[in-house]
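Enquirer: Okay, handing you the structure first.
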Amino acid sequence: MTIQFFPGSTDPVAFRAALRLYPARYRRERGDELSAVFADSTAEGGKLATAREVLDLGAYGLRMRTGLTSSSTAGRLLALAAPLVAGAVAGLGLTRVLHDATGQAPDWMWAMPDRAAQVPFHAWYYGALLVPLLLVGAVLTGRWRLARTAAVALAAVGALGVALAVLAQPDVWLMLNKSCEATPQLFAGLLFALAPHELLRRRPTWSDRALVLAAAAGGGLVLVAEDFYSSWVLMDGKAGAALVLVPLLTLLFVARDRLVPAAMGLAVLPLTLMFSLFRIWQSIGGVWRLLPVVGLALVATMLAAGLLHRDTGAGGRRSLA
């Protein structure tokens, strides 16, 4: 099909690139309509407005490709899990800092092998506390645009922590161990940012706020259960398996369209996934023995993904409570 460009369309090349992110059938059926809307919305705007429209258009195309729209089961699940994961990662960060402030933090935590890494390390460490607090504050007050910005910043903080672990740690074991401390921020930020924003545009109820605060308490309890990433718990593979398998199993509630318990399990996974896999790897004695566990987790994830990609129509907005 040939897309018809209308007068005022200032950047057909960018529009075509964004349109290719949509499923082929959608492009055939709605391509001309999207072109007309794009031309109308960018006719009076400059390059910045055009770039913003292209990004919005392409982002929604990716959502359609991945099934993360407001009308899909996956999109509705993410929208329910997003406030909970904000609370959980904030509780984790606050509990970590309070624990370390009591003098319980190990000395090597501050003794970075490379002095040049100390400044970005402290930026990650305190960013892992302050950005989640900003995120959860925005969620509790219903300021969703600020919350999405904070979620992107949180993912960047997590990426910085992972990069520091890769670049600054002297061996693979320490690299993996320290990466586990940064991946909760990375995964939580990405999960929140992927939630359909149109499902988050509502004022939270007091019940919603109570659940977010309960999730914050739960995030702290998860960190306590992981003994603050202590190496003493690394040989307890059964506990590590429970902390990742139980949240995965809650996704089976999606099959009965019970999204709230599934959202609770999904909110826990960013906090437990990497450290639990690391614990299992340590307890069973090597990468090759870990492969069957990873395989089972992948099968479970694929089954859950099949359930999540069911299209449930309009869906509507559902409160956490």
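Readers should treat all values here as calculations from the given coordinates under stated rules, not as data from a laboratory. Quick caveat, the model's predicted, so the values are computed rather than measured. Here the Cβ positions follow ideal geometry from the backbone for every residue, glycine too, while neighbour counts run over all protein chains shown.
Enquirer: Where does the charge balance sit around HIS99 when Lys and Arg score +1, Asp and Glu -1, over other residues with C-beta under 13 Å from its C-beta?
Expert: Numbers: positive: ARG96; negative: ASP100, GLU181, GLU226, ASP227.
Net of charged neighbours comes to -3.
Enquirer: Fewest first, what order do TRP232, TRP144 take by the number of other Cβ atoms within 10 Å?
Expert: TRP232, TRP144
Enquirer: Over region 217-271, what is the mean sequence separation of C-alpha contacts under 8 Å (at least six apart), divided by residue count, expressed as relative contact order in percent? Working shown, then result.
Expert: Details: 33 pairs, mean separation 17.2, N = 55.
It rounds to 31 percent for region 217-271.
Enquirer: Another question about this same structure. Could you list GLU29, GLU198, GLU226, GLU44 in order of exposure, starting from the residue whose Cβ has the fewest other Cβ atoms within 10 Å? Mind showing how you got there, number by number?
Expert: Values: GLU29 11, GLU198 14, GLU226 21, GLU44 8.
Result, fewest neighbours first: GLU44, GLU29, GLU198, GLU226.
Enquirer: Round to the nearest 0.05 the FRET efficiency obtained for TRP173 and GLU29 when R0 = 56 Å and r is the Cβ-Cβ distance. Spell out each step's value before the answer.
Expert: Values: r = 53 Å, r/R0 = 0.95.
Step by step, r from the Cβ atoms, then E = 0.60.
Enquirer: Report the Stokes-Einstein translational diffusion coefficient (µm² s⁻¹, integer) for region 73-308, Rh taken as the Kirkwood radius over Cα pairs, at 4 °C with viscosity 1.567 mPa s. Can you show the working numbers first?
Expert: On the way: Rh = 18.0 Å.
Calculated translational D: 72 µm²/s.
Enquirer: Which order, highest average first, do 262-268, 128-134, 30-36 follow once you tally other Cβ atoms within 10 Å for each residue and take the mean per peptide? Spell out each step's value before the answer.
Expert: Details: 262-268: 24.6, 128-134: 21.6, 30-36: 15.7.
Result, highest mean first: 262-268, 128-134, 30-36.
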